[in-house]
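Written below as structure tokens is the structure these notes are about.
Bear in mind that the values in this text are calculations on the coordinates, not laboratory data. Not measured: the values here are computed from a predicted model. Here Cβ is always computed from backbone atoms with ideal geometry, including for glycine, and neighbour counts include all displayed protein chains.
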Amino acid sequence: MNIFDNGDKTRVIQEYVPGKQVTLAHLIANPVPELYEKLGLLIEGRNALGIMTITPSEASIIAADVATKTSNVSIGFIDRFSGSLVITGSVSSVKEALKEVIHVLCDNLKFTTTDITHS
């Protein structure tokens, strides 16, 4: 047994590596009212949610601009320090906005990206 052996346990260390990437692009088609409430969003007219995490975090500003110009979505939340973006709208509008944001960031700005996931 060496000093790095922990028996059956595996230790995973994650590090932030600067780069240009979309690490999460997820569409929630029918969020429960409680989720809207916890996010501080208006429950009336509750729609689909699109969630993105982007690095560098300032690119979330570009993503919000592209999303709102591409489709009939609203910005639910944006954090330019963490790179989080939440958009709201119809399922088709949110999906269209997520696709266009990924297109612009990937093709125009050479970000690496992930697939859009759904729930």
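Between Glu44 and Phe77, the modelled labels are 2.2 nm apart [label points 7 Å from Cα along Cα→Cβ]. Packing, taken as the mean count of other beta carbons within 10 Å per residue, orders the peptides 30-41, 60-71 from highest to lowest as 60-71, 30-41.
Number of Lys-Lys pairs in the chain with C-alpha atoms under 28 Å apart and a separation of 8 or more places or on different chains: 12.
What you get for the chain, charging only the Cβ of Lys and Arg (+1) and of Asp and Glu (-1), is a dipole of about 120 debye around the Cα centre.
For the range 59-67, the Karplus equation 6.51 cos²θ - 1.76 cosθ + 1.60, evaluated at θ = phi - 60°, returns couplings of 5, 5, 5, 4, 4, 5, 5, 4, 4 Hz by residue, with Gly and Pro reported as x.
Taking θ as phi - 60° and the Karplus parameters 6.51, -1.76 and 1.60, the scalar couplings of the range 19-32 work out to x, 10, 7, 9, 9, 8, 9, 10, 10, 9, 5, 9, x, 6 Hz in sequence order, x denoting glycine and proline.
Under a 5 Å amide H cut-off, with hydrogens placed 1.01 Å from N, Leu24 pairs with Thr53 among residues at least 5 apart or on other chains.
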